[in-house]
Amino acid sequence: MIRIAQLVKNYGNITALDRVDLTIEEGECVVLIGPSGCGKSTLLRSINRMVQPDSGSVYVDEQDILNYPPETLRRKIGYCIQNVGLFPHYTVYENIAVVPKMLKWSKAKIEERVDFLMDLTGLPKEYKTKKPHELSGGEAQRVGVCRALAADPDILLMDEPFGAVDPMTRVKIQTAFRNIQKELKKTVVFVTHDVEEAVLLADKIAVMQNGKILGYDTPSNFALHMEEEFVRSFLGVDYPVKLLKRHNIDDLLNQESDSKLTLNELLAGMLESPNGGVTIQNANGSKQTLYFEDLTHYLHKDDQV
Amino acid sequence: MIRRKFRIDLMLTFYFIALLLWVFGFESFKGTLASLLGSGIGLVSRTSLPVLTWQHIQLVALASSAAILVSLLLGMIVHLTRNEEAESLVMKLGSILETIPSAAVIALSIPLFGYGNGPVLMALWVYAILPILRNTIVGLQSINPSIQDAATGIGMSPLQRLLKIEMPLARPMILAGIKTALVINISLATIGATVGAGGLGVPIIAGIRSYDPLLVLQGSIAVILMALLTERALRS
C-alpha cells in the first residue's frame, strides 16, 4: 500500500504538487492522468525519491520512505520510463538481471527469473544475447518492463512506459501488460496522458491538473459523476464510449468463451448493421442477435457505465 | 563486429613493419641514404636508433599514463559533484594549460627538475591532460539522460552508475582523447633533446645544429611512423 499525504513540490514559482493526498491499495493499478505539466510525473517520481518533495510524506506499507536509503528503496520498487533507458552496452539478459545482481541473488535464481519474465512478456529466448540497438521499440519496451519486474518488487512505477511505441504495438503491449497485471497483482502507479490507455489498464484513475487531484475513482464510476468541468473536458464527452473497451462480450452474455470481442467493437458492429443487430455465436453453438438495448441494459444493470 | 576485431589491420601492420625496418635497419642503409642526401655518415649520433626509440617510448608512456590517471580521476570526481560550474572551471583550467608554449613549460620546470628527462615529462604530462580530461567530461555529459534516469531509478548509487554505466558508455570518447594526447606527445617529446633528455629528438636537434639532413631524417621518420602507428591502433 502507498499512502501519500499532503505532498507539496514547487519548481521556482510553478506548483507541481499542491498538497496532494492519495492512497493506493495493495494490488491496484492506479493511473495518473492529466495534461503535460499537471504534476503526474512528479507525483510518481516522489514515490521512489527521484523527486524530493518540499513538504508532506509518502508511506510505503505504512513506513515513511525517508526511513530507507534511496538506493534500498528504489531496488524494492520497479521503475519503467518512456524512453526505456535500456543500458546500450548490456545484453537483454544483463539489462534484466541488473537489479537482482545488485541484490546479490544467486546466478541460478537470476537465470530462472529472467526466463520467467521473458516468457511472461512474450520475448523469445534467443533475445537474451541481443543488444538493445537490435530490438524494435516494442521489444525494447518489453525488456524495460522485465527489468522493472526483475527483483519481483511489490510496487511498480511506470512513467508513460508505452508512449514512444507505434499505435499497433502499443495496443499489443497494453493488452500484454494487462494480462501480466492480472497474474502478478502488483501495486502499480502508471502515468499517461492517453485516456484510452487509462481506461484499459486502470483499477482507479486519478485525474490531475495544476498539481491537484481533481477526481479519483474507478473508470466506470468516473462516467457517473463528471461534475468537475475539467475532468469532463479532459476525459471527453465520449468517455462512456471509450469505457466500452474495458468490457468483453463474455461479460455481457455472462458466459465463458474465447471470443475476444470487446463492447466497443460490438457497438461498431451495431452501427454498421442496417437493422442495428449483431449476430454472434454462443459458447454452446447457438446463435443470438444483440441490439443496442442489450448493451444499455447490461451497462446499467449494476451501474457499470 | 566480432570478425572485425580479429581481422589483421593492413595499415597497422604496414606502419609497424616500416617502423621496425627503419629503427633496426638504419645502420645498414644509412650509407646509401647519406650518399643520396650528400651528408657524411660520420656525424650520425653516438646513441643507436633502437635505444633512442626505446627512450622516446618510455618518455611518452610515462607522461601519458600519469596524464590518463589524473584526467580520468579528475573527470570522474567533477562528474560526481554534479556541479556544472566545477565542470566548466576544470575545462577552462585545462584550456589555459594548453595555451602555455611547450618551450615555456620546459624552461619553467628546469629549476624544479634540473636538466634531463624531468622537464620533458612535466611538459608532456601537462599537454596530455587537456584532451583526455575534456573528452572524459564531455563523454560523461553527453550520455542519454533517460539512461541515467533509469540507472538511478532502479537503485544504483552515483558511484555504481558512474562505473557500471557511464564510464563504459563514455569510453569511445575517452579513448579518442587518449589517442589525441598520445599523438601530440609523440611529436612533442622530440623537443626534450634541447634540455638534455633522451629520445628521438637527439638526432633531430643534432642534425639541425650540424646542417645534416640525414640526422634530422633519422629521428623524424621514426617519430612520424610511431605517431601513425598509434593513431591507427587506437582508431575507433
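The values are calculated or read from the model by the stated rules, or taken from the named source; none is laboratory data. As the structure is a computational prediction, the values presented were derived from the model and not from experiment. Here the Cβ is made from the backbone with ideal geometry for all residues, glycine too, and neighbour counts use every protein chain on show.
Does residue A:208 qualify as being crowded, with 22+ Cβ neighbours inside 10 Å, in contact (Cβ under 8 Å) with a residue 12 or more places away in the chain, away from chain B (no Cβ under 14 Å) and not in a helix (DSSP H, G or I)?
Numbers: crowded, with 22+ Cβ neighbours inside 10 Å: yes; in contact (Cβ under 8 Å) with a residue 12 or more places away in the chain: yes; away from chain B (no Cβ under 14 Å): yes; not in a helix (DSSP H, G or I): yes.
So residue A:208 fits the description; yes.
The rows are residues; the columns are (1) at pLDDT 80 or above; (2) among the small types (Gly, Ala, Ser); (3) outside the structural domain of residue A:42 (by TED's automatic domain parsing).
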{"site": "A:200", "(1), (2), (3)": "yes, no, no"}
{"site": "A:215", "(1), (2), (3)": "yes, yes, no"}
{"site": "A:253", "(1), (2), (3)": "no, no, yes"}
{"site": "A:262", "(1), (2), (3)": "yes, no, yes"}
{"site": "A:268", "(1), (2), (3)": "yes, yes, yes"}
{"site": "A:278", "(1), (2), (3)": "yes, no, yes"}
{"site": "A:290", "(1), (2), (3)": "yes, no, yes"}
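Inside the stretch A:79-102, residues that are in contact with a Phe, Trp or Tyr (Cβ under 7 Å, 6 or more places away or on another chain) and either of a type in the set (D, E, K, R) or free of Cβ contacts under 8 Å to residues at least 40 places away in the same chain (or both) make up a count of 0.
In the set (1) farther than 30 Å from residue A:113 by Cα; (2) more than 14 Å from chain B (Cβ to nearest Cβ); (3) in contact with a strand residue (DSSP E or B) (Cβ under 6 Å, 6 or more places away or on another chain); (4) buried (at least 16 other Cβ atoms within 10 Å of the Cβ), the condition left unmet by residue A:15 is number (3).
Scanning the stretch B:103-140 for residues that are crowded, with 16+ Cβ neighbours inside 10 Å and among the small types (Gly, Ala, Ser), we see that the one that is modelled with the highest pLDDT is B:139.
When residues in the stretch A:163-193 are screened for being without any contact (Cβ under 8 Å) to a residue 40 or more places away in the chain and within 17 Å of residue A:33 (Cβ to Cβ), 4 of them pass. Of the helices (runs of 4 or more DSSP H) entirely within the stretch B:72-190, those holding at least 1 residues that are away from chain A (no Cβ under 14 Å) occupy B:84-99, B:102-113, B:117-141, B:167-188.
With the requirement that a residue be away from chain B (no Cβ under 14 Å) and of a type in the set (Val, Ile, Thr), what does the stretch A:92-107 give you? Talk me through it step by step, then tell me what you get.
As a first pass, look at the stretch A:92-107 and keep what is away from chain B (no Cβ under 14 Å): A:92-93, A:106-107.
Selection gives A:92 alone.
Here is a yes/no grid of residues against (1) under 24 Å from residue A:103 (Cα atoms); (2) assigned by TED's automatic domain parsing to the domain that holds residue A:6; (3) part of a loop (DSSP other than H, G, I, E, B); (4) not β-branched (Val, Ile, Thr):
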site: A:51; (1), (2), (3), (4): yes, yes, yes, no
site: A:57; (1), (2), (3), (4): no, yes, no, yes
site: A:72; (1), (2), (3), (4): yes, yes, no, no
site: A:79; (1), (2), (3), (4): yes, yes, no, yes
site: A:85; (1), (2), (3), (4): yes, yes, yes, yes
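Residue B:99 meets all of the listed conditions (1) in contact with a helix residue (DSSP H, G or I) (Cβ under 6 Å, 6 or more places away or on another chain); (2) surrounded by fewer than 18 Cβ atoms within 10 Å (Cβ to Cβ) but one, namely (1). The set of residues from the stretch A:133-159 being within 13 Å of chain B (Cβ to nearest Cβ), in contact with a helix residue (DSSP H, G or I) (Cβ under 8 Å, 6 or more places away or on another chain) and of a type in the set (Asp, Glu) comprises just one member, A:159.
Which ones in the stretch A:36-91 are away from chain B (no Cβ under 13 Å), buried (at least 20 other Cβ atoms within 10 Å of the Cβ) and over 19 Å from residue A:186 (Cα atoms)? Once the filter is applied, which keeps residues that are away from chain B (no Cβ under 13 Å), buried (at least 20 other Cβ atoms within 10 Å of the Cβ) and over 19 Å from residue A:186 (Cα atoms), the stretch A:36-91 yields A:38, A:39, A:40, A:42, A:53. Within the stretch B:61-98, the set of residues being of a type in the set (Asp, Glu) and over 18 Å from the mean Cα position of the chain (by Cα) comprises B:84, B:85, B:87.
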